1. Starting from the alpha-carbon convex hull of the chain, give the projected area averaged over all orientations, in nm².
2. Arranged by the count of other C-beta atoms within 10 angstrom, fewest first, what order do 56, 301, 251, 81 take?
3. Starting at 0 and stepping by 10 Å, how many percent of the alpha carbon pairs of the stretch 132-292 end up in each bin?
4. For the stretch 132-292, what is the percent of antiparallel DSSP beta bridges, rounded to the nearest 5?
5. If you count, for each residue, the other Cβ atoms within 10 Å and average over each peptide, how do 252-260, 68-76 line up from highest to lowest?
6. Starting from the Cα gyration tensor of the stretch 1-135, take the square roots of the eigenvalues, sort them a ≥ b ≥ c, and report rounded, prolate or oblate (rounded when a/c is under 1.5, otherwise prolate if a/b is larger than b/c, else oblate).
7. What ranking do 108, 1 get, fewest neighbouring Cβ atoms within 10 angstrom at the top?
8. Does the stretch 60-152 come out rounded, prolate or oblate by the C-alpha gyration tensor, with a ≥ b ≥ c the root eigenvalues, rounded set by a/c under 1.5 and, if not, prolate when a/b is larger than b/c and oblate if not?
Ligand SMILES: Cc1ncc(COP(=O)(O)O)c(C=O)c1O
């Protein structure tokens, strides 16, 4: 699937795709000191196009920047409007938005404090991140030989560009070994999350997921699924999980903006449950997709409607 679009919003205006360029001395290109978001827009069966939890994503973008001490030279409202403008300019009734705030090329060195803060919002059409078959049949995951970053090595609640080297290393290792995704343990050996997704397991009809206060990214999809579980009356426990608990889980699923809700059918070559998406995973997934793509009237506050 192509990542090319007609227009990209950059530093306050819409420009042609080919013109959205940066200098090789862009500070963030060298050191990763920048922040980004991933946001999906959906077209529902009832005809409505909406951006899913746009204000929460923009809030997290500003929080990530705050964590790094980066001053974004726009308001949240400006960037909410810019996301909408980007989709409209590309005639996208659905798609993926990737707002990024990064430091310019005025000075190099780790201590460069006064570089201009740029903001860009590219967008493209992105299908099922872990494949259509993964979404319906489940994926094969492997516990990574790399750990999720310790909370005092990086600031894990921020969606910070450079931190994704950790994720890419683990993802490549898993893919090279023939798996779809890597499960990251924290530095104490407890299950943390995946390279770009939060993780849930189901055991005895209860959903279990690592707590927000552990080293995970505070996923917006994670939070939505916890609400959906609550709405459906499914018990949820947020607590630490050991690696072998995953092996004997009844069901496992991952979630994230890109991966949406993806079942896991195998971990470290051990079949999970009966090797097919489980009952509770399927119920959560169905409810999620009915909200974002279907006709469910639930949680209108999660949808930011727009017209192209
Ligand atoms: C490391 C990591 N964990 C979890 C998630 C899921 O977060 P969200 O549901 O907000 O997309 C992402 C994706 O942004 C991620 O990169």
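None of the figures in this text is laboratory data; all of them are computed from the coordinates on show. All of these numbers come straight from a predicted model, not from anything done at the bench. Reconstructed Cβ throughout: ideal geometry from the backbone, glycine too, with neighbour counts over all protein chains shown.
1. Result: a mean projected hull area of 15.4 nm².
2. On the way: 56 18, 301 9, 251 25, 81 13.
Ascending number of Cβ neighbours within 10 Å: 301, 81, 56, 251.
3. Per 10 Å bin, starting at 0, the Cα pair percentages come out as 11, 45, 36, 8.
4. Values: 19 of 29 bridges.
Roughly 65 percent of the beta bridges in the stretch 132-292 run antiparallel, per DSSP.
5. The peptides rank, most packed first, as 252-260, 68-76.
6. Prolate, because a/c is 1.5 or more and a/b exceeds b/c.
7. 1, 108
8. It is oblate, given that a/c is not under 1.5 and a/b is not larger than b/c.
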